1. Give segment B:117-168 a look and list any residue that's of a type in the set (A, V, I, L, M) and within 17 Å of the chain's Cα centre (by Cα), or say none.
2. Here are some residues: A:F98, A:F117. Which one is surrounded by 20 or more Cβ atoms within 10 Å (Cβ to Cβ) and assigned by TED's automatic domain parsing to the domain that holds A:I199?
3. Looking at B:R50, B:R3 in this structure, which one is farther than 17 Å from B:I106 by Cβ and touching an Asp or Glu at 6+ places or on another chain (Cβ under 6 Å)?
4. For segment A:170-192: of the residues being without any contact (Cβ under 8 Å) to a residue 60 or more places away in the chain and among the basic types (K, R), which is farthest from the other protein chains (Cβ to nearest Cβ)?
5. Do we find that B:G195 is crowded, with 19+ Cβ neighbours inside 10 Å and within 11 Å of chain A (Cβ to nearest Cβ) in this structure?
6. Against the definition (open to solvent by 20 Å² or more (accessible area, probe 1.4 Å) and either among the β-branched types (V, I, T) or outside any loop (DSSP other than H, G, I, E, B) (or both)), how does A:R92 come out, yes or no?
7. Go through segment B:108-138 residue by residue and tally those that are assigned to a strand (DSSP E or B) and either in contact with a Leu (Cβ under 6 Å, 6 or more places away or on another chain) or within 10 Å of chain A (Cβ to nearest Cβ) (or both).
8. Return the residues of segment B:167-186 that are in contact with a Phe, Trp or Tyr (Cβ under 9 Å, 6 or more places away or on another chain) and either polar (S, T, N, Q) or surrounded by fewer than 18 Cβ atoms within 10 Å (Cβ to Cβ) (or both); say none if nothing qualifies.
2 protein chains.
Amino acid sequence: MTRERVAVLLSGRGSNLVALAEACARGEVPAEIVLVVSNRPGAPGLDRARERGIPIAAIPGKGVPKEEHERLVAEAIEEAQARWVCLAGYMRLLSPTFVAHFPQRIVNIHPALLPSFPGLDAQRQAWAYGVKVSGCTVHLVDSGCDSGPVVLQRTVPVLDDDTPETLAARILEQEHIAYPAALRMLLTRTWRLEGRRVIFD
Amino acid sequence: MTRERVAVLLSGRGSNLVALAEACARGEVPAEIVLVVSNRPGAPGLDRARERGIPIAAIPGKGVPKEEHERLVAEAIEEAQARWVCLAGYMRLLSPTFVAHFPQRIVNIHPALLPSFPGLDAQRQAWAYGVKVSGCTVHLVDSGCDSGPVVLQRTVPVLDDDTPETLAARILEQEHIAYPAALRMLLTRTWRLEGRRVIFD
């Protein structure tokens with residue numbers, strides 16, 4: 001089985017990058033992470049990439065027009081010959097132009113059961129709403145905010161003595177299982193969109 | 001343990017009425033259903049009540065001003081000396097006046113993981129969105145649409161070959177477990193609201 005070339009975009013600590021890289025190294029996901037891009041030069045996730053010998057590109061987004069920034073990111077991805085793009089805590093919305101560049105090959109993970117609690121601070125949103133079940137969602141990316149077709153969801157209980165932080169930690173454990181599992185499904189199985197439903201054969 | 005007097009409001013087949021009544025009969029919920037109210041005189045749920053010897057009140061809502069209809073429903077509940085109100089497929093929104101009459105003692109069940117997919121045809125909404133997990137929510141009722149504090153949620157997988165109907169059937173099985181369980185929790189345990197979180201001691 002050929003290994004797909006994947007770029008990971010991040011802005012923060014990169015724990016989902018680590019989960020993906022380890023699953024690839026174990027042979028569970030037939031992919032190779034060939035590039036990690038951060039819009040924040042100081043993101044700890046870049047260190048996680050360096051430790052694993054993964055090429056990095058720090059492409060600052062601050063003070064740069066969105067279109068220009070996205071052009072640089074897309075160029076880096078294409079130079080690395082990555083075919084898939086995995087967002088792992090990437091804190092910028094992608095434009096329709098960027099999304100169209102990688103049709104149905106951009107994936108994101110969100111720490112809630114979408115369509116509940118899109119956007120920032122999803123775990124705290126869920127905690128404050130008082131849901132008794134939350135979780136995480138791996139989805140294909142469109143140009144909306146956490147609005148693309150759902151590939152996989154995993155649930156966690158919300159406990160009465162939870163804080164937003166303990167809930168976030170419980171969800172993060174499931175993210176690290178869900179993201180590699182979803183990428184494996186997308187790369188190894190035949191699938192199609194019916195409306196916005198992701199159907200695996 | 002004293003048995004709480006409960007009124008059930010419904011508009012349709014009454015499968016959740018049956019689940020609640022059977023759980024009460026088995027002693028799993030320390031409650032007695034002392035009245036079933038339907039806004040639709042032909043609702044099959046009224047037959048389920050009759051079969052069990054539960055008093056019924058058919059109070060047609062069609063063509064009657066909402067305020068007048070709700071006054072009649074509240075009077076019937078009070079005559080039956082019911083302290084709790086369980087909505088079981090009751091297809092009318094309750095006014096703030098009605099809700100204030102039974103503070104934090106009106107409960108509803110909704111066939112989705114709220115706050116996703118409130119309102120009508122929740123199972124079809126979830127199916128069309130393409131979530132991979134759905135379920136049901138038991139919640140305290142406020143005067144919004146499916147917006148009150150969550151008591152309990154149970155999940156079901158959404159399968160690739162599901163139709164809205166097969167998904168609805170899978171969720172209904174969990175409703176019949178969730179509703180008695182949630183009512184039992186509310187009646188037998190100490191609980192409080194923190195913000196909109198329902199916290200059990």
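1. As a first pass, look at segment B:117-168 and keep what is of a type in the set (A, V, I, L, M): B:120, B:122, B:126, B:128, B:131, B:133, B:138, B:140-141, B:150-152, B:156, B:158-159, B:167-168.
Across segment B:117-168, the qualifying residues are B:L120, B:A122, B:V138, B:L140, B:V141, B:V150, B:V151, B:L152, B:A168.
2. Details: A:F98 fails: assigned by TED's automatic domain parsing to the domain that holds A:I199.
Matching residue, one of A:F98, A:F117: A:F117.
3. Details: B:R50 fails: touching an Asp or Glu at 6+ places or on another chain (Cβ under 6 Å).
None of the other options fit; the residue is B:R3.
4. Among those that are without any contact (Cβ under 8 Å) to a residue 60 or more places away in the chain and among the basic types (K, R), it is A:R170.
5. Details: crowded, with 19+ Cβ neighbours inside 10 Å: no; within 11 Å of chain A (Cβ to nearest Cβ): yes.
Criteria not met by B:G195.
6. Numbers: open to solvent by 20 Å² or more (accessible area, probe 1.4 Å): yes; either among the β-branched types (V, I, T) or outside any loop (DSSP other than H, G, I, E, B) (or both): no.
No.
7. Going through segment B:108-138, the residues assigned to a strand (DSSP E or B) turn out to be B:108-110, B:133-138.
Those still in the list that are either in contact with a Leu (Cβ under 6 Å, 6 or more places away or on another chain) or within 10 Å of chain A (Cβ to nearest Cβ) (or both) too: B:108, B:133-135, B:137-138.
Looking only at that region, the number is 6.
8. First, the residues of segment B:167-186 that are in contact with a Phe, Trp or Tyr (Cβ under 9 Å, 6 or more places away or on another chain): B:167-168, B:183, B:185-186.
Scanning segment B:167-186 gives a single hit, B:M185.
The values are calculated or read from the model by the stated rules, or taken from the named source; none is laboratory data. Nothing here was measured: the structure is a model prediction, and the numbers come from that model. Ideal geometry is used to build each Cβ from the backbone, glycine not excepted, and the neighbour counts take in all protein chains shown. The area values use the complete protein model at the heavy-atom level, side chains included, leaving out ligands, DNA and RNA. Shrake-Rupley method; radii C 1.70, N 1.55, O 1.52, S 1.80 Å.
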